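Engineer: Handing you this structure, nothing more for now.
Derivation of every value follows stated rules applied to the coordinates shown; laboratory data play no part. Remember, it's a predicted structure, so these values are computed and weren't measured experimentally. Because the Cβ atoms are built from the backbone with ideal geometry, glycine has one as well, and the counts that use them run over all protein chains shown.
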Amino acid sequence: MADNRILLESGTNELEIVEFMLNEQNERGETIPSHFGVNVAKVREIIRKPQMWKVPNAHPAIAGMMKLRDKVITVVELATVLGKSMEVLPAERVVVLEFNRMIVGVLVNDVSRIYRISWEQVEPPVRAIESAYVTGVVKMDDRIILILDFEKILGEICSENILHEVNESQLLEAPALDRSRHRILVADDSSFIRSSICSTLRGAGYLVEEAENGEEAWQMISAKLDRCRTAGTDLKRELDLLITDVEMPKMDGLHLTTLVKKDDILKELPVLIFSSLATDDNRRKWKDLGALDIVTKPDLPNLVKIADSIMN
């Protein structure tokens, strides 16, 4: 955990992932593992499956509740979410995750190890293995590790929407602002989160462009910068604000922020980080990289207010 915090602070485009397995058994009785990964920064601890209690009328993917010292937390049957049969090889470990201001347990068969890798090694899912719950693919020598979109998974099974979207009444209560002349670029690898952010900003009246990861966002920003340099115009004609997630394939949001702030022209571009990992400690470190502000998922209404304060 300590090493991961150092990496996040430095913005070196590196991360650590915990690899875990969901195992099935084929007709010959052979164990067929599927390998998945999650950012160490989201992992609070890994424990053996404790005593659990059922939740009446819960979503089918809710395995139950468990006590974790002074807390009672929900446990998710990940195999149910991913359509896997675990009857023969039941899950015996719980990966306790903490993000988006919540703590949740995830049932898995086994936990392998922690890998330190570059985000450049994390590829967006190709069509052959594309899933609504997969945001990245890591190709190892003898297997493939799928990085799961736990924000989307929990957003679909929780009783409350994991993102508190802005409704029309909230927009009507906001000051009458002309947002139509302001351009925002949103970089987030989760289509679920990105769609929610963009629809909220567009609903507020902003012009919004989308990027699926930091590398794509950097290419878009670089193209805008080249056009401005060629035409001798101000960058604000192309872009007023960058909103970026942290965890993204190819290039993470911290490295993207570092690249922006190293350029003599781009360094004036406001950068907002919108992340489920926005702890108080991380907020201080990310501001040191040059981020103007940090918004903790799932606070979409506050995201619009901050954008308003920057550009109006």
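Engineer: Could you list, in their original order, any pairs among Lys42/Lys250; Lys267/Lys297; Lys139/Lys261; Lys139/Lys250; Lys236/Lys297; Lys42/Lys67 whose Cα atoms are separated by more than 21 Å?
Structural biologist: Checking Cα-Cα distances, Lys267/Lys297; Lys139/Lys261; Lys236/Lys297 exceed 21 Å.
Engineer: In cubic angstrom, how much convex hull volume per residue do the alpha carbon atoms of the chain span?
Structural biologist: About 150 Å³ per residue, rounded to a whole number.
Engineer: Which residues make up the longest stretch of the chain that has no GluC sites (Glu not before Pro) in a DSSP loop with at most 16 other Cβ atoms within 10 Å?
Structural biologist: By the stated rule (loop sites, at most 16 other Cβ atoms within 10 Å), 166-312.
Engineer: Sticking with this one: Pick from Thr230, Thr12, Thr80: which residue has the top mean-square fluctuation in a GNM of the chain where Cα pairs under 10 Å get a spring?
Structural biologist: In this elastic network of the chain, the residue with the biggest mean-square fluctuation among Thr230, Thr12, Thr80 is Thr230.
Engineer: Between beta-carbons, use under 13 Å as the cut-off and find the net charge around Pro33, counting Lys and Arg +1, Asp and Glu -1.
Structural biologist: It works out to a net charge of -3.
Engineer: At 222 nm, what value in deg cm²/dmol follows for the chain if DSSP H runs of at least 4 each add -39500 (n - 2.57) and the sum is divided by all its residues, to the nearest 500?
Structural biologist: -8500 deg cm²/dmol
Engineer: Can you tell me the dipole magnitude for the range 2-157 around its Cα centre, using point charges on the Cβ only (Lys, Arg +1; Asp, Glu -1), in Debye to the nearest 20?
Structural biologist: It comes to approximately 600 debye.
Engineer: Sum up the charges of everything whose Cβ sits under 15 Å from the Cβ of Val72, counting Lys and Arg as +1 and Asp and Glu as -1, but leave Val72 out.
Structural biologist: Counting the neighbours of Val72, the net charge comes to +3.
Engineer: Residue by residue through the range 119-126, what is 3J(HN,Hα) from phi via Karplus (6.51 cos²θ - 1.76 cosθ + 1.60, θ = phi - 60°)? Round to whole Hz and write x for glycine and proline.
Structural biologist: Karplus values, whole Hz, x for Gly and Pro: 4, 5, 7, 8, 9, x, x, 7.
Engineer: Can you spot the lysines whose alpha carbon is less than 21 Å from Lys84's alpha carbon? Ignore those fewer than 8 places along the same chain.
Structural biologist: By straight Cα distance, Lys84 reaches Lys49, Lys54, Lys152.
Engineer: Let me ask something else. Placing +1 at every Lys and Arg Cβ and -1 at every Asp and Glu Cβ, with all other atoms neutral, what dipole size does the chain have around its Cα centre, in debye to the nearest 20?
Structural biologist: Using only the charged Cβ atoms, the result is roughly 480 debye.
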